[in-house]
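Shown next, in structure tokens, is the structure this report addresses.
The values are calculated or read from the model by the stated rules, or taken from the named source; none is laboratory data. This one's a predicted model, so the numbers in the text were calculated from it and none came from an experiment. Backbone-built Cβ (ideal geometry, glycine too); neighbour counts: all protein chains shown. Note: accessible area is taken over every heavy atom of the protein model, side chains too, but ligands, DNA and RNA are not part of it. Shrake-Rupley method; radii C 1.70, N 1.55, O 1.52, S 1.80 Å.
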Amino acid sequence: MGLEANDLSMKIGARTLFQGVSLQCPKGNSLAIVGESGVGKTTLLNILALILPTHSGTISFDGVEAQAWNERKIRKFWKEKVSFILQDAGLDDSETVAYNITLKHGLPWRHTQQEAYAAAQQVGLADRLESQIVELSGGEQRRVAIARAIYKQADYLFADEPTASLDDTNRQLVQDLLLEQVAKGATVIIATHDLTLAAACDQTYTLTKI
Ligand SMILES: Nc1ncnc2c1ncn2[C@@H]1O[C@H](COP(=O)(O)OP(=O)(O)OP(=O)(O)O)[C@@H](O)[C@H]1O
Ligand SMILES: [Mg+2]
């Protein structure tokens, strides 16, 4: 079923950032949210991911409306079904790459260690599993966030500018990995100004200034 949003709006003080936003992203599909800088892409992505509340309208996941969910229910949904790739990578800087991919301390879990290695290998960081996040470049940190999403095999993946400030090779790698998650059945929503990535998605939603 995937994600469906109807009539979303966002006001910041007296300013209406956007209103009447309705969109759908069926399961196993990708949707790119595009538009000029400052138009509200990150804000809309955060509303769709239930990180921010909407001022109007409804959001449903697999046909279930999320409006009435309390914080506990939202956290459970995130834990079980969602992976985030945030603009600042959203990693725990004081932990290792391995910890951030699996969100587990140490690596006692032999069966998951292999999966963590496989995910790190897909983003070219297999030899950095025990590195601290602070020792990594910005682009490497972004790839850790993507390895985490691969490892989790979440139903919903929300990515904010996942290809920003990457070289061509890594930009293509990230695009391929995200679309691979879509092919595996994930519902992937991406806020981006990367028009190549947007064109590779199943759908595009363009936010425009009011
Ligand atoms: N918590 C907040 N308080 C005040 N203003 C905010 C807040 N969050 C966002 N804004 C404003 O809302 C507008 C949209 O911000 P947003 O980050 O969603 O844009 P964006 O389209 O993602 O931009 P970019 O392409 O630069 O990432 C901006 O003008 C921003 O300053
Ligand atoms: Mg943004």
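Residue-wise HN-Hα couplings along region 28-36, as the Karplus relation 6.51 cos²θ - 1.76 cosθ + 1.60 with θ = phi - 60° gives them from phi, are x, 10, 10, 10, 9, 9, 10, x, 5 Hz; Gly and Pro carry x. Candidates Gln19, Thr43, Tyr99 compared by Cα position along the dipole of region 19-111: farthest toward the positive end lies Tyr99, with charges placed on Cβ. Students often get this wrong, so check it: of Lys76/Lys209; Lys184/Lys209; Lys41/Lys73; Lys41/Lys81; Lys73/Lys152; Lys41/Lys184, which have C-alpha atoms separated by over 31 Å? Over 31 Å Cα-Cα: Lys76/Lys209; Lys184/Lys209. Rounded to the nearest 20, the size of the Cβ-charge dipole of the chain about its Cα centre is 600 debye, with Lys and Arg at +1 and Asp and Glu at -1. Exposure check, 1.4 Å probe, all protein chains in place: Ile101 carries approximately 0 Å² of accessible surface. Per-residue packing, averaged as other Cβ atoms within 10 Å, sorts the ranges 149-155, 114-120 into the order 149-155, 114-120, beginning with the highest. Computed over the chain, the alpha-carbon pair-distance distribution with 10 angstrom bins reads 9, 35, 35, 18, 3, 0, each value a whole percent.
Under a model in which nothing but the beta-carbon of Lys, Arg (+1) and Asp, Glu (-1) is charged, region 125-185 shows a dipole of about 180 debye around its Cα centre.
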